[in-house]
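Visitor: This is the structure I want to talk about, given as structure tokens.
Quick note: the coordinates plus some simple rules give every number you see, no bench work behind them. All of these numbers come straight from a predicted model, not from anything done at the bench. Heads up, the Cβs are rebuilt from the backbone with ideal geometry, glycines too, and the neighbour counts pull from every protein chain shown.
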Amino acid sequence: METIFGIWGVGLLLLEAIANDQTELTAQQRADLQPVAVQCPFSGGEGVFQARALLDDDTVYDDVAACAAAAPQPLKQPAREGEVRLSFRIYPNPSNGLAILEMEREMEADGHLTISNYLGQTLVDEDLPEGTEAYPLDLTGFPAGVYYVTVADKSGKLTQIFTVSK
């Protein structure tokens, strides 16, 4: 059963914890986050990943099972001949802070990497040279949480969620 707590509730819970100088979640906060964390990410959105990061309890979530009951996602149109689309993956995710950003194909032009926290503050701002296929990410100094990794080049911009768990 999905909850309306979602991303807004996760954000409010996080703001409450920050305002009260909490370093640990209360039992009630954990109970509020659990139903969000087990949702299908397609239907629950970013709040699902944020709830999982806040819980930080080494639970392995079965997204295939969680999404099995969800409506099938529409297929994306294939890229047309000569059209370049930006695509990458980050692994492992979640990570202890060391990860690899791997491009689907070698970058055909210079690009740019930005990593932001949940408040939108830019933490990493680096250029990616033409020809980049893989790029190491060292986020070991980052606290556990959800981060947004954005790669941009001449063909567009793509943002993905990355979770650091300690």
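Visitor: How about the stretch 106-123: which of its residues are in a loop (DSSP other than H, G, I, E, B) and under 14 Å from A152 (Cα atoms)?
Guide: Result: E106, M107, E108, A109, D110.
Visitor: What are the pairs, 6+ residues apart or on separate chains, where a residue within the stretch 32-58 that is without any contact (Cβ under 8 Å) to a residue 40 or more places away in the chain and surrounded by 18 or more Cβ atoms within 10 Å (Cβ to Cβ) has its Cβ under 7 Å from a residue that is of a type outside the set (A, V, I, L, M, F, W, C) and outside any helix (DSSP H, G or I)?
Guide: Listed by first residue and then by second, the contacts come to V36/T3; A37/Y61; V38/Y61; Q39/E2; V48/Q39.
Visitor: Right, something else. If you go through the stretch 23-71, how many residues are outside any helix (DSSP H, G or I) and of a type in the set (A, V, I, L, M)?
Guide: Count: 6.
Visitor: How many of the residues making up the stretch 124-142 are touching a residue at least 40 places away in the same chain (Cβ under 8 Å), surrounded by 11 or more Cβ atoms within 10 Å (Cβ to Cβ) and outside any strand (DSSP E or B)?
Guide: Residues meeting the conditions: 3.
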